[in-house]
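Below is one structure, written out as structure tokens; the observations come after it.
Laboratory data are not the source of any read-out in this text; all were calculated from the coordinates shown. These figures come from a predicted structure and were not determined experimentally. Cβ coordinates were reconstructed from backbone atoms using ideal geometry, including for glycine residues, and neighbour counts include every protein chain displayed.
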Ligand SMILES: Cc1cc2nc3c(=O)[nH]c(=O)nc-3n(C[C@H](O)[C@H](O)[C@H](O)COP(=O)(O)O)c2cc1C
């Protein structure tokens, strides 16, 4: 699949997840085989007027190339200026959020609110397209309402404005995360445009990803919640798509992933902040496993990398593994 001149050799995308897809997380999923990683959503206003903290969200490393940076906002001029800042900071792709349904965002006219206003969306896309030379993508929902008609209309507007690919999460803004994603809308958007379409929503396994690819004809799949603590899902999808048996994740693989994510986070955020983050994040990796609540309890007050390492190893012992 191509996004503008960029070639994605693997049809998998890590969904942008606010407060989750930071640089250490993206490096982890990229190393695990994911085709394309995305930043968290970043406020255009924040990039222009805001703090160093917002600019830090643009940090990237060559290993995660091509990074897609997602921005949100509603003012065409500000969005264009923010897009330039992102491109100059090393974004390989600029993505615009048309899907966020959080009240704080939609009341500013950004995110999913733009799906109700195709004219405004068109001006915004024109302004951003003219401002940057890197590939431009958008991430949309079904629309404000569930029919999918707004998604199809916006997809056509986007294609005409020079957008290079569209990710579709087929739930309406009013739906939030409730109910099922309606994959028929992904298929309808794919039918309506010639640019690549990335399907998103309710992929829970390699099998469900292959089902989405074949049922909707989408060019790539984007995984969100089921990639949290489960970066192996991307390689499993590639194997399932190629008809190769999907490898289960064994304990050494899990522990190595946790340790390297921990270490990368400590290097990036510093030990104190990283350990505070790890108090919940390490728990992602043992979701649904035996004794996982005991493990989560044991990491509630983590304050050093050594302690985190020991707690992970203790958990391994509990599981009776000989890995050391
Ligand atoms: C915690 C969380 C944070 C999210 N943050 C973003 C975001 O920053 N930008 C965005 O476009 N979508 C965001 N989303 C939506 C996801 O990218 C994705 O569209 C949604 O979770 C559906 O995919 P899934 O069923 O694979 O999780 C977020 C979702 C969750 C659960």
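Calculate the all-directions average of the projected area of the chain's alpha-carbon convex hull, and give it in nm². Write down the numbers at each step before the final one.
Values: hull surface 64.1 nm².
Mean orientational projected area (the chain, Cα hull): 16.0 nm².
Rounding to the nearest 10 and keeping the result within 0 to 90°, find how far the Cα-based axis of helix 183-192 lies from the longest principal axis of the chain.
Here the helix axis deviates by roughly 40 degrees.
So for each of 102-115, 289-302, 159-172 I average, over its residues, the number of other beta carbons within 10 Å; can you give me the resulting order with the highest mean first?
On the way: 102-115: 18.6, 289-302: 14.6, 159-172: 23.3.
Result, highest mean first: 159-172, 102-115, 289-302.
As a check on your grasp of the helix formula, calculate [θ] at 222 nm for the chain: sum -39500 (n - 2.57) over DSSP H runs of n ≥ 4, divide by the residue count, round to the nearest 500. Don't jump to the answer; show the numbers that get you there.
On the way: 14 runs with 148 residues, N = 324.
Only helices count here, giving -13500 deg cm²/dmol.
How do 61, 281 line up, fewest other C-beta atoms within 10 Å first? Walk me through the intermediate numbers first.
On the way: 61 13, 281 20.
By the 10 Å Cβ count, ascending: 61, 281.
Given the options 275, 218, 38, state which has the largest fluctuation in a GNM of the chain using a 10 Å cut-off (strictly under) for Cα springs.
Top of the fluctuation ranking is 275.
Relative to the longest principal Cα axis of the chain, at what angle does helix 206-216 sit, 0 to 90 degrees, rounded to 10?
10 degrees
Taking the 0 to 90 degree range and rounding to the nearest ten, how far is the long axis of helix 149-161 tilted relative to the main principal axis of the chain, both from C-alpha atoms?
Approximately 80 degrees, to the nearest ten.
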